[in-house]
Each structure stands twice: as C-alpha cells, then as structure tokens.
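Notes for the one structure printed next.
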Amino acid sequence: MHFLLTKINKELAEMSYVKANAVLPETLIAEIQKYVQGEAIYIPKPEKDYQKWGSRSGARKALDERNQSIKDAFQNGKTISQLAEEYFLSVETIKKIVYKK
C-alpha cells in the first residue's frame with residue numbers, strides 16, 4: 001500500500017501548467033481573456049481520450065487486485081473485522097468491497 005501511495009503522490013507532484021502563449025494562437029488567447037484573466041483553467045480531454053483513474057500508473061490495477069484479495073478472503077471465512085485490521089481499512093470500506101457486485 002505504501003508503494004501505491006508513493007506512486008500517487010509522485011504523479012501529483014509531476015502535474016504542471018502549460019503557458020497558454022506557448023501553445024495557443026494569440027487570437028484564441030484574446031478570446032479566452034474575455035472570460036478569464038490570470039487564472040488557471042482546466043481544459044478536459046475529449047471523452048474518447050479519457051482513461052479511468054490510475055489506469056496509466058497501475059494504481060487502479062493494484063486496487064482492483066487488493067479488492068479481489070479481500071473478497072476472496074471474505075468468501076473463505078475471514079471476518080470483516082479481521083480484513084479491516086489486516087488491510088488497514090475501515091470496517092465500512094471492507095463492507096463496500098465485499099458486498100459490491
């Protein structure tokens with residue numbers, strides 16, 4: 001789990017801004033300035049290019065594998081309390097994992 005958190009924190013630290021005048025034509029910048037000046041704005045990717053959270057970093061896969069291990073252990077007789085202690089998660093989080101279809 002520590003590895004996963006470290007990887008997520010590294011991704012957040014690598015986020016950076018792109019200066020508009022380095023990538024956009026002046027006419028477009030002038031148009032945007034009618035609405036926003038001196039602010040950071042987020043321009044989302046087109047939906048077709050969207051990837052689920054953690055899919056690039058492997059974090060999603062790691063969480064899916066962890067959750068499957070929790071489900072398997074629950075089906076094999078471990079209690080929710082035991083799993084919460086073993087995985088350092090709340091009882092409510094374990095319940096969400098084991099009862100999710």
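The values are calculated or read from the model by the stated rules, or taken from the named source; none is laboratory data. These numbers come from a predicted model, not from an experiment. Reconstructed Cβ throughout: ideal geometry from the backbone, glycine too, with neighbour counts over all protein chains shown. For the accessible areas, the whole protein counts, side chains as well, though only heavy atoms, and no ligand, DNA or RNA atoms are used. Shrake-Rupley method; radii C 1.70, N 1.55, O 1.52, S 1.80 Å.
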Exercise for the section: Apply the Debye scattering formula to the chain, with a single equal point scatterer on each alpha-carbon and no solvent, then give log10 I(q)/I(0) at q = 0.13, 0.23 Å⁻¹. Expected result: -0.69, -1.22
Handout entry: About the Cα centre, charge dipole magnitude for segment 19-64 (Lys/Arg +1, Asp/Glu -1 at Cβ), debye
Key = 320 debye
Exercise for the section: With a 1.4 Å probe and every protein chain left in place, work out the accessible area per residue of the chain in Å², rounded to a whole number. Expected result: 89 Å²
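At 0.36 nm per residue, minus the direct Cα-Cα distance, what do Ala22 and Tyr35 gain on full extension? Give it in nm, one decimal, please. If you can, show how the numbers build up before the last one.
Working: separation 13, 0.36 × 13 = 4.68 nm, distance 1.93 nm.
So the chain would gain 2.7 nm between Ala22 and Tyr35.
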Handout entry: GluC sites (Glu not before Pro) lying in DSSP loop within segment 21-101, provided at most 12 other Cβ fall within 10 Å
Key = Glu39
Exercise for the section: Provide the gained length on full extension for the span Asp64 to Val91, in nm with one decimal, where the gain is 0.36 nm per separating residue minus the Cα-Cα distance. Expected result: 7.9 nm
Problem - Sulfur and carbon atoms: percent of accessible area, the chain [1.4 Å] - result: 55 percent
